[in-house]
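**Student:** Pasting in a structure now, in structure tokens, and then I'll have a few things to ask.
Values in this text are rule-based calculations from the coordinates and carry no lab data. The structure displayed is predicted, hence computed values, not measured ones. As a convention, Cβ positions derive from the backbone with ideal geometry for all residues, glycine included, and neighbour counts pool all protein chains shown.
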Amino acid sequence: MSHKISHWILLPLTLILSACGPQQAASPIATMTPLPPTAPPTATPAPTETPMPAPTETPTPAPTATFTPMPPAEARRPAENGLDMTAQRLSQPPTLDGDLNDWPDFPCRSIDQDKQIGYGDLSAWGGPSDLSGSFCWGWDDEALYLAVDVKDERVQAHAKGNFWENDYVELWLDTNLAKDFYEAQNNGDDFQFGFMPGNFSDVPARATVFVPGVSTSKMRQLLVQFQRTAEGYRGEIKIPWATFGDNLDRSGNRLGASLCFSDNDADQPAQEMMICTAPAAISQWGNPTLWNNLELGK
């Protein structure tokens, strides 16, 4: 009997223990998900030094050559420009009448060669009888003097037209040769004159200054006298030093100069041909570097 009691006592105890046990499923075993492999750290390269360029010496540029005008005693135009000329120191001024008897050394120089034709159709030049000339220079304390004898088979002067469209004598003077010796453009000390013989009838002889401008009173002091000759015309010209004002510098006893005889054989105003002491200067109007030397003799 005691055996049965034990069986019934154990059975409820088992049921009681089962009812008191946990009701949720057992927790799963935690697993470690491995981290992705980490790349080994990249070594930071050591900073490198950029070598500085070696210092270089910048050469000092050579100074640009500049022309300094030569002193008056040395300032002279090259011989290739044309004729050198000399003005004689006169003990007394010539009588301005167109007669050249008071010029004992006349002719001093001549321009009568084809290479001295500076303007016009050379093939149309009929030789020295068509256009050529001789001249002498003189000077004193008052003025510069010029005597000319021009050969021209047909002396023309027109009442209308420009001065330079007639037969005439053209003269350029650089009155301060050293001051702007290398300047290739005329300025206030460069004078262009025109001296026209006229036609010895109804068109009178005239004198003018083309450039630079001068006063009427100074213009009137220019004196000219011409005579007709069997071969052309001759004449005497007086240019007072006062014409040049403060531009004049005679300290070096030398001026720049270009002398031309201009011809027109047409029946209407025109400039057909010029023969010159400085022929290359005609194609470069007003370029004093192409003119000649005019010495003021003692």
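**Student:** Would you compute the Debye intensity of region 117-180 from its alpha-carbon atoms alone, equal scatterers and no solvent, and pass along log10 I(q)/I(0) at q = 0.19, 0.26, 0.28 Å⁻¹ to two decimals?
**Tutor:** Taken in order of the listed q values, log10 I(q)/I(0) reads -0.99, -1.25, -1.30.
**Student:** Can you pull the semi-axes for region 183-260, root of five times each eigenvalue of the Cα gyration tensor, sorted largest first, whole Å?
**Tutor:** After diagonalising the Cα gyration tensor, the semi-axes are 26, 14, 12 Å.
**Student:** Please list the non-local residues whose amide H lies under 5 Å from the amide H of Leu296, H modeled 1.01 Å from N, same-chain partners needing a gap of 5 or more.
**Tutor:** Here the answer is Ala87, Arg254, Leu255, since their amide H atoms fall under 5 Å of that of Leu296.
**Student:** Grab the other residues whose beta carbon is less than 15 angstrom from that of Thr208, score K and R as +1, D and E as -1, and report the net.
**Tutor:** Charge balance near Thr208 sits at +1.
**Student:** Further, regarding this structure: When Lys and Arg each count +1 and Asp and Glu each count -1, what net charge do the other residues less than 12 Å away from Gly198, Cβ to Cβ, add up to? Display every interim value, and only then the final one.
**Tutor:** Values: positive: Arg206, Arg228; negative: Asp167, Asp202.
Overall, the nearby charge balance is 0.
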